[in-house]
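K.L.:
To start, I am sharing the structure in question, which I have written as structure tokens.
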Amino acid sequence: MTLIEDLRTSEERLSRGDLAYYRDICRDDALFVMPGMVATREEAITGLEHADPWDSFDLSAVQVRELGTDAAAIAYRFEGRRGAQTYTADMVSTYVREGGRWLLAVHQQTPA
């Protein structure tokens, strides 16, 4: 898989609310910058435990930037639907490579 495929696949799994994957792929010190708050990994996971999963979602305009040999950022437009609720945001996630794996370090959401 290419870098963009690896990171996009990771973002899609995270968007599905796969909590075991969150615990596995997110660094212990990961930060989540969301509207109105900055959350730790555990706070983000706790929030997801109390949220319904998206009925559908799409990642578009996906771009990846390498930030050296062991860091990369993926940016995209997220469009999700949960019942009658829709959410559109520009998102960016920064990953670092540790032990041959890409781990999420920082994720930011900016509502569109």
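Where a number appears in this text, it was derived from the coordinates with a stated rule and is not lab data. Predicted model only: the values in this text are computed from it and were never measured. Backbone-built Cβ (ideal geometry, glycine too); neighbour counts: all protein chains shown.
K.L.:
Let me know the Rg and Dmax you get for region 27-90 when you use only its Cα atoms, in Å.
P.N.:
Computed over the Cα atoms of region 27-90, radius of gyration and Dmax are 14.0, 42 Å.
K.L.:
Name the trypsin sites (Lys or Arg not before Pro) in region 1-93 that are in a loop by DSSP and that have at most 13 other C-beta atoms within 10 Å, would you?
P.N.:
Answer by residue number: ARG16.
K.L.:
Distance between the C-alpha centers of region 16-48 and region 49-112? Whole Å please.
P.N.:
12
K.L.:
Also: Treating the angle as unsigned and between 0 and 90°, give the value, to the nearest 10°, between the Cα long axis of helix 3-15 and the longest Cα principal axis of the chain.
P.N.:
Here the helix axis deviates by roughly 30 degrees.
K.L.:
How long are the three semi-axes of the equivalent ellipsoid of the chain, in whole Å, if each is the root of 5 times an eigenvalue of the C-alpha gyration tensor, listed from largest down?
P.N.:
Three semi-axes, in Å: 21, 16, 13.
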